Amino acid sequence: MQSSNTLYTPAVVACLWDFDKTLIPGYMQEPLFKEYGIDPDVFWKEVNELPNRYAKQGIHVSKETVYLNHILSYVRHGRLKGLSNKKLRELGQDICFYPGLPEFFDELKLLTKSNQRYITHGITLEHYIISTGLAEMIRGSKVAPFVDGIYGCEFIEDPLPPSFLAQKEFFENFDNEISQIGAVVDNTIKTRFIYEINKGVNKNAGIDVNASMKEEDRRIPIKNMIYTADGPSDIPAFAVMRHEGGKAYAVYHPDEDKEFAQNDALLQSGRIHQYGPADYRTNSITSRWMRMTLLKIFDHIVEEREQALSDRVAKPPVHLHKADPVLAPPPSSQPLFFE
């Protein structure tokens, strides 16, 4: 029976990462608040209250991303005066990561060079960050050079005015503050970016994420992905991984018993495959699980490609010798042809 595998199955693997409380102990906005002398507890308390206050006005807002509007309110009222995308990127340099990062990302990529069969089959590993946080701060952080793509919330500094299509030229102001939201990422929208990476939209702008595409044509099959995050807010992304054959991994702060219990509940309910401490040093449980799981994915890719080669490529004819037995032709009056 002929294999259903294509001759050359995809050889790209992806690690997808949440950011806050996954790669860093807290929230990325901490350097921003420190720079401007803002009490983070007060800011987040206000953010948590906003949905209730707006609900009394008959207005529904997203609990996950209303903080973006509150940042803009702080800018308009002078509390974050001069805040620009450039400033956000500069502040990203002060973000502190969990132990082992960002070097761990490169250590995982080197696994593709640990076996000659992986090299022969051209297996590669890519890292992507998908965050409800601020993309510019991530781009300025120490982890940025180690990743292949960043998806996060974006701000616009200088919005185009009405009738801008009729204007012949614009004067760019490099001192502008952020004034509008350019892109929003919440925990449901994260699933969209999983499929963008899956289909290769990030590599080919001509592909629409909603376009129908055969599994064998997708750049990175979800079964070749690992999604890592810190807990219940990432359940939509975990669900995609579980349903489509990828791996879902949760991390917790090593000193937080509540986070440990929360992750255990996710495992017991079948939401994730495994969990471990947010410690990415070589001998940590999380580091070992990641390496083990990636090697299994690499081995499976090799097996699929070698099986496809065996099933789909016929062996060439060879020279016969006098000692070789002569095979009787099949009983048929028709001439024989060979493909």
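Laboratory data are not the source of any read-out in this text; all were calculated from the coordinates shown. Please read these numbers as outputs of a predicted model, since none were measured by experiment. Methodologically, a virtual Cβ is constructed for each residue, glycine included, from the backbone with ideal geometry; neighbour enumeration extends over all protein chains shown.
Here are the numbers:
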| item | result |
| --- | --- |
| Cα centroid separation, the stretch 145-170 to the stretch 230-283 (Å) | 35 |
| Cα-based reach from K87 at 27 Å (exclusive), listing lysines while leaving out same-chain residues under 8 positions away | K21, K34, K45, K63, K142, K190 |
| Listed residues N224, N210, N85, most fluctuating in the chain (Gaussian network, C-alpha, under 10 Å) | N210 |
| Helix-only [θ]222 nm of the chain, DSSP H runs n ≥ 4, -39500 (n - 2.57) each, per residue, nearest 500 | -10500 deg cm²/dmol |
| Modelled FRET efficiency - R0 45 Å, D217 with V47, Cβ distances, 0.05 increments | 0.60 |
| Exposure proxy ranking, count of Cβ atoms within 10 Å, fewest first, for E259, E35 | E35, E259 |
| Peptides 158-165, 245-252, 180-187 ordered by average Cβ neighbours within 10 Å, highest first | 245-252, 180-187, 158-165 |
| Volume in Å³ per residue [convex hull over Cα atoms, computed for the chain] | 254 |
| Residue with peak Gaussian network fluctuation, the chain [Cα springs, cutoff 10 Å], from K21, K223, K56 | K56 |
| Kyte-Doolittle mean at least -1.0, axial Cα span of 15 Å or more - DSSP H helices of the chain | 40-55, 66-76, 189-199, 257-268, 285-312 |
| GNM result for the chain, Cα springs below 10 Å: residue of A265, A278, A11 fluctuating most strongly | A265 |
